[in-house]
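Only one structure is covered here, and it is reproduced in the block below.
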Ligand code: SF4
């Protein structure tokens, strides 16, 4: 995972609340089996409307999304994060996120920061006054700067540390493998067990 | 959750958490939690297996992992190759991955195939006091057994496959107490829709919900699963219900349930799991079951619901500006006028199925209302059992015949019209009364309009052609109604 410290780029106002993951990426795109190439699927239904904000020329190449409250609620699909990332977004700021979405974002190097509703409104106004303006989202100081405005955002310390260090989750956990094994040896026998398949000979 | 010494009173959720602690997180880092059961399906797993392959890692515990095919599968002609090429590829990818990594898969045509959240409980794999994860938000369903069960993203699926653990920050706890007696015709689905309307789609964020109170205790396992299933629609990661005799009776004798001495040891432990009398929740919510009526949604998120006897709300009367504009948008999308009585809303389709309401008792409740009746003209009615086993069970009881005589379609098991991913979809503009859990824009097909309802409301609506409950049929459904009145 690449290290993330400061994200700078064109900021887009998504002036809607309750943007669920079905809107971020409709279910039909979940059939793909790859982990990349979802840029065309992002906000697919809304992008059919020529007036939708991402279709405006000033917002080409956007990297920062400023969304209304409760962004990324609903389905757990990580594709929502991949689609945002493939489109070019590196940071999303919203007053509130769906829990699973926020977790997924941290794991994929997409910075998801919580910012107050007043600041969102101010930033939206600033962007509308000057469409195409760049925002700078600084993970070190946990602030976003856009034009005259500098506003704080909240992100949990652990996710922040992992983003700053670019650390892979599984590798981190496997440092505790001895403890996992010890835990497994003490597990009660009544706990559920499936019937695994025999591995093919020669595996 | 605050982890203090065991002498301190703890909630159900805290007890399960503490018993799965592999490494206690220090200085703000998460705890490492052991996962007892990992359920896998075709949609959220391909990229996870891909990740393992890239890193050269095996599945750590294939014996704690089980897979099924549900989201993409057709519910007709299941013996033919899947017509949609991308769906077929995704299913084939799961089959290849399971074979390569040694994971048990219940494919289309297998008796245990079905919606992942129906399959786990039916096999007896879901049990009290365990941790369950799946790359699917409705994993919360399994909390009905007193398990800690929650949905995870694909990165986490890979993490669990590789390590059988997850780094997690403790959830907060919320008690949702539902006291009283449900009236005939009012079901588990109405409870949870009313809870979501009360606390909002973000109200449960960061919490594990524990459903308590006499109305919850009176529910069957199927009803409890319906309630926990939709915890995610209130924004919560998980919902839980303390195990009791109803839980043990449901489990005993199932294929993977503990046997003999193991069973006795398990039950003895399960009996210790309930929330201690003096335990403190981070938040509490109360609901009066006596007052509840059949509930439906009118909008495009599951919190936008009302009693069926009410009207489509007027957005201008909503104080919160975000809620107001989201209600305005919802009414526009749903093509509804403020003030219209909900019962006058005419539907084009009725969908009876999904992991919320596709178990045998749900089908029985639906059948008890439609028996001997004919569906309304012009309404398409689909009945989709949650698993192949439920389908067979229902057929043994003659439910398939009741459904067909009524003029409805009897399908093979799968997620079906719950989401627009397989051939079962609404056409643009079509309106559906659906027993599923999400009424988001386009959820059941592009441009489709969804009203979330209970199986009893679905049945009455299929008869009358407008949103209706058994109360409107002049009969009382005193049959099981998701076990509420059993
Ligand atoms: S039935 Fe619907 S909600 Fe349940 S797992 Fe399938 S798609 Fe998800």
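The values are calculated or read from the model by the stated rules, or taken from the named source; none is laboratory data. What you see is a predicted model; the values in this text were computed from it and never measured. A quick note on method: Cβ atoms are made from the backbone with ideal geometry, for glycine too, and the neighbour counts reach across all protein chains shown.
Which residues, counting only those in segment B:10-47, are within 16 Å of the ligand (Cβ to nearest atom) and either without any contact (Cβ under 8 Å) to a residue 12 or more places away in the chain or over 16 Å from residue B:168 (Cβ atoms) (or both)? B:39, B:40, B:41, B:42, B:43, B:44, B:45, listed by residue number.
Against the list (1) crowded, with 22+ Cβ neighbours inside 10 Å; (2) more than 14 Å from chain A (Cβ to nearest Cβ), the condition residue B:442 fails is (2). Considering (1) touching a strand residue (DSSP E or B) at 6+ places or on another chain (Cβ under 7 Å); (2) closer than 25 Å to residue A:104 by Cβ; (3) without any contact (Cβ under 8 Å) to a residue 12 or more places away in the chain, the lone condition that residue A:177 does not fulfil carries the number (1). If I filter segment B:51-74 for residues that are under 21 Å from the mean Cα position of the chain (by Cα), surrounded by fewer than 24 Cβ atoms within 10 Å (Cβ to Cβ), more than 10 Å from chain A (Cβ to nearest Cβ) and in contact (Cβ under 8 Å) with a residue 24 or more places away in the chain, do I get at least one hit? Yes. Within segment B:157-169, none of the residues are within 16 Å of the ligand (Cβ to nearest atom), within 13 Å of chain A (Cβ to nearest Cβ) and at pLDDT below 95.
When segment B:21-39 is filtered for residues that are surrounded by 22 or more Cβ atoms within 10 Å (Cβ to Cβ) and in a loop (DSSP other than H, G, I, E, B), the ones remaining, listed by number, are B:35, B:36.
If I filter segment B:229-280 down to residues being within 16 Å of the ligand (Cβ to nearest atom) and more than 9 Å from every other protein chain (Cβ to nearest Cβ), which single residue comes out as nearest to the chain's Cα centre (by Cα)?
B:229
Of B:126, B:89, B:93, all but one fail to be away from the ligand (no atom under 14 Å from the Cβ), within 8 Å of chain A (Cβ to nearest Cβ) and either assigned to a loop (DSSP other than H, G, I, E, B) or buried (at least 21 other Cβ atoms within 10 Å of the Cβ) (or both); the exception is B:126.
The set of residues in segment B:427-475 being away from the ligand (no atom under 15 Å from the Cβ) and within 27 Å of residue A:46 (Cα to Cα) consists of B:427, B:428, B:429, B:430, B:431, B:433, B:441, B:446, B:447, B:449, B:451. When restricted to residues that are within 12 Å of chain A (Cβ to nearest Cβ) and part of a loop (DSSP other than H, G, I, E, B), segment B:171-203 contains 5. Within segment B:129-150, restricting attention to residues that are within 9 Å of another protein chain (Cβ to nearest Cβ) and assigned to a loop (DSSP other than H, G, I, E, B), which residue is surrounded by the fewest Cβ atoms within 10 Å (Cβ to Cβ)? Only one residue fits best here, namely B:129. Of all residues assigned to segment B:77-91, none qualifies as being touching a strand residue (DSSP E or B) at 6+ places or on another chain (Cβ under 7 Å), touching a residue at least 24 places away in the same chain (Cβ under 8 Å) and closer than 30 Å to residue B:55 by Cα. Scanning segment B:350-396 for residues that are assigned to a loop (DSSP other than H, G, I, E, B) and within 12 Å of the ligand (Cβ to nearest atom) yields a total of 10.
Considering A:152, A:131, the condition of being in contact with a strand residue (DSSP E or B) (Cβ under 7 Å, 6 or more places away or on another chain) and more than 10 Å from every other protein chain (Cβ to nearest Cβ) is satisfied by A:152 alone. Within segment B:96-120, the set of residues being assigned to a loop (DSSP other than H, G, I, E, B), within 16 Å of the ligand (Cβ to nearest atom) and within 11 Å of another protein chain (Cβ to nearest Cβ) comprises B:112 only. Could you tell me how many of the residues in segment B:397-426 are more than 16 Å from the ligand (Cβ to nearest atom) and modelled with pLDDT under 95? Residues flagged as more than 16 Å from the ligand (Cβ to nearest atom) and modelled with pLDDT under 95 within segment B:397-426 amount to 0. Restricting attention to segment A:169-197, the residues that are more than 7 Å from chain B (Cβ to nearest Cβ) and either surrounded by 16 or more Cβ atoms within 10 Å (Cβ to Cβ) or in a helix (DSSP H, G or I) (or both) total 8.
Just wondering, is there one or more residues in segment B:197-220 that are within 16 Å of the ligand (Cβ to nearest atom), under 21 Å from residue A:18 (Cα atoms) and touching a helix residue (DSSP H, G or I) at 6+ places or on another chain (Cβ under 7 Å)?
Taking every residue of segment B:197-220 in turn, at least one turns out to be within 16 Å of the ligand (Cβ to nearest atom), under 21 Å from residue A:18 (Cα atoms) and touching a helix residue (DSSP H, G or I) at 6+ places or on another chain (Cβ under 7 Å).
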